[in-house]
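Below you'll find the structure, written out as C-alpha cells, and then a few comments.
Computed from the coordinates by the stated procedures, all read-outs in this text should not be read as laboratory data. Quantities reported herein were computed from a predicted structural model and do not represent experimental measurements. In this analysis, Cβ positions are derived from the backbone assuming ideal geometry, glycine residues included, and neighbour counts consider all displayed protein chains.
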Amino acid sequence: MFSKILEKIGSLIGRDHQSHDRKFSLHEVQQVLDQHHAALLELYGIPLDELRNQRLRARILENASLRINSSSNPPAKSDAFGGDWAIFTPLPPTASGIADYAAELAPSLAPRLNATYVVADDAPDPDPDHFGFAVQRLHEWKSNQERDLATPRLYHLGNSRIHDYVLEEAMRRPGVVVLHDRVLHHLFEQTFLRRGDSQTFKTLAAEQHGRLGEMIADLAERDLSGAAFRFGLPLTAPALQNAKAVIVHSFESMYRVRDLLPHIPVQRIPLQYSRATLFTATNAGEIRKRLGMHPDRLIFVALGFATIPKRVDQLITALGSIKDQIPAFELWVVGEMPDSLRLQELANNSGMTNHLQVTGRVDMDTFQAFIDHGDVVVNLRFPSAGESSATLIRAMGAGKPCVVFDSGTALDYPDDALVKIPLEISSHTGLANALRELACDANERQQKGSAAAEHIAKWHDVNQCADAYVNFMLSASNERDEPLR
C-alpha cells in the first residue's frame, strides 16, 4: 500500500501523465496526500488500532497483580525528598497543554524537591512566584557549567516545536524524560527542518524506519508530508537515546516504550487532576447565561483547539442526524476552530447552524466554567500521538459524562467511568447512538459522571502524582550516568 502511494506521489511531483509539459502544483500534490491519509486510516489505521487495543487489554489484565498496575489501591503517601533538579519544560503563558500541566504539578512538587525550571530562550516571560520554583532561560542555566553538570535533569517532551530545545538537550545529556506524546515525528520535523538541518532529519528517519522513513523525510523537506505518514513514523527512539528513565501517562505508552527500549526503566504516572478554579455554588443558570449558554438547553461540549484527530466533524454530523430525536440542545466548541476544517459549512449543511457555538481561545477559569456547566463532554481522538488528554481528566474530575473512542489511552479508565464507542471515522452511528442515549437519560448522565469523578479522585490526586514523580526521579538519579551515545 505504502509503495503504491509513494509511486503515485512520485508521479505527481513529476509531470502530469496526460500533459507532459505541465507539472502538478504543490496544492494538487497535497490534496492527493490528504486523500491517501483518509484511505490509510480507513483501510489500515482502524484495524491495526483495534488489534493493538485487544493486545493492550490483555496485557493490562495479565499485569493487574503488579503493584505498578494495581487497580485496587493507589500507592501509599511518600515523604521522600528529591533533592536538586533542573526541569526543562515550557511554562505559561506559553499556549501549551504541557505548560499548563507542568505549572499545575509545580506547587505539589515544591515541598518534595529543589528545582529550577528551564524555559526556552525565546519563551514569553513566566511568573516565577506562580510556580514556587526559580525559573531560568536555557542560556542562563547553562552559563553555570559546574552547577549544570552536578544537577540531574527532568525533560517534559511533547510533539510540538515549543519543545525543540527540550529535545536537543535530551539528546545531548542523560536525564529522566516525561514522554507526553509517544509520536514525535512532528517535533523532529519542525526542529531540524526549521533550522535547515534536513540531513540530520533524513538520517534519523532512515535509521528508525528504513527506506520509507528516508522517502517521507524527503517529502517533509518539500513541505508535502501528510499526517498519516507522520503518525505512522513516530521517531520515538532517537528522543530517548540518552534517557536514564521514562515517565509516561498511559498503559499504552508504557508498554510501547518498554517494547521499543527494554533496557530503559519506564513508569506510568497518571495525569494529575487539579481544578483550575474552585467550584462555587453560584446559580448555575446565571453562570450559563454569563457564558452565553442557554440556561435550559442540553449542552454538549468539545474542549480545546479543534483539530482533525478530535473529530469535531463527526460530532457535528452525529448531532445533526439526531437533532429531532433529543431535547433542545447546543454544541459548544470551547477553543479555536480553524476555518480550514470547514466545520461551520458542515454545520450549515447538517442543520446545525443554530446549535453550534464557538468560543475561540479562553482563559482557564472560563474553560473550567464551561466544563462545570456543560452536560456532556465529547473527547474523541484518532489518530493519536499517544497523548493522554488533560481536558478529559478535567471533565471526568468535574463529574461529567464523557464520550470517547474505545481505543488507546481510554483503556486506562474503567468502562463504567466513560461512554466508550467503537472506533469509526467514515460512520457516525456509534457516536449518534451514544449521544442520543445520554441526551434522553438524565440518570445515565449522572451515573457516568459520578463514576468518572470517583475514579479521578482515587487515582489522579495531584499530591499522589507528585509523590510518584519524586520516588521515580530519585531511583533514576541514583543510577550511574552512562556515557553519551
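For the reader, a short list of remarks on this structure follows.
- With a cut-off of 13 Å between beta carbons, the residues surrounding ARG288 carry a summed charge of -2, where Lys and Arg count +1 and Asp and Glu -1.
- Cα-based shape type of segment 378-465, given that a ≥ b ≥ c are square roots of the gyration tensor eigenvalues and the cut on a/c is 1.5: oblate
- Applied to segment 177-188, the Karplus parametrisation 6.51 cos²θ - 1.76 cosθ + 1.60 on θ = phi - 60° returns per-residue 3J(HN,Hα) values of 9, 8, 8, 6, 10, 6, 7, 10, 4, 4, 5, 4 Hz, with x for Gly and Pro.
- Among the GluC sites (Glu not before Pro) in segment 399-485, those located in a DSSP loop and surrounded by at most 13 other Cβ atoms within 10 Å of their own Cβ are GLU479.
- For segment 284-460: rounded, prolate or oblate by the Cα gyration tensor [a/c cutoff 1.5]: rounded
- Phi-based couplings in Hz for segment 206-222 (Karplus 6.51, -1.76, 1.60; Gly and Pro marked x): 5, 4, 8, 10, x, 4, 4, x, 5, 5, 5, 4, 5, 5, 4, 4, 8
- Taking 7 Å steps out from each Cα toward its Cβ at THR203 and ASP122 produces label points 2.4 nm apart.
- Segment ASN349-PHE81, extension gain: residue separation times 0.36 nm, minus the distance between their alpha carbons: 90.7 nm
- Distance-filtered residues of segment 363-383 - backbone nitrogen under 11 Å, label point 7 angstrom along ALA284 Cα→Cβ: 372-376
- Here SER426 and GLN325 are evaluated by their C-beta separation; at R0 = 25 Å the FRET efficiency comes out at 0.70.
- Interchain or long-range residues, amide H under 5 Å from VAL178's placed H: TYR155, HIS156, LEU157, ILE247
- Taking amide H as placed 1.01 Å from N in the peptide plane, the amide H of GLU387 sits under 5 Å from that of ARG182, each at least 5 places away or on another chain.
- Karplus-derived 3J(HN,Hα), 6.51/-1.76/1.60, for each residue of segment 383-390, Hz, glycine and proline x: x, 10, 8, x, 7, 8, 8, 5
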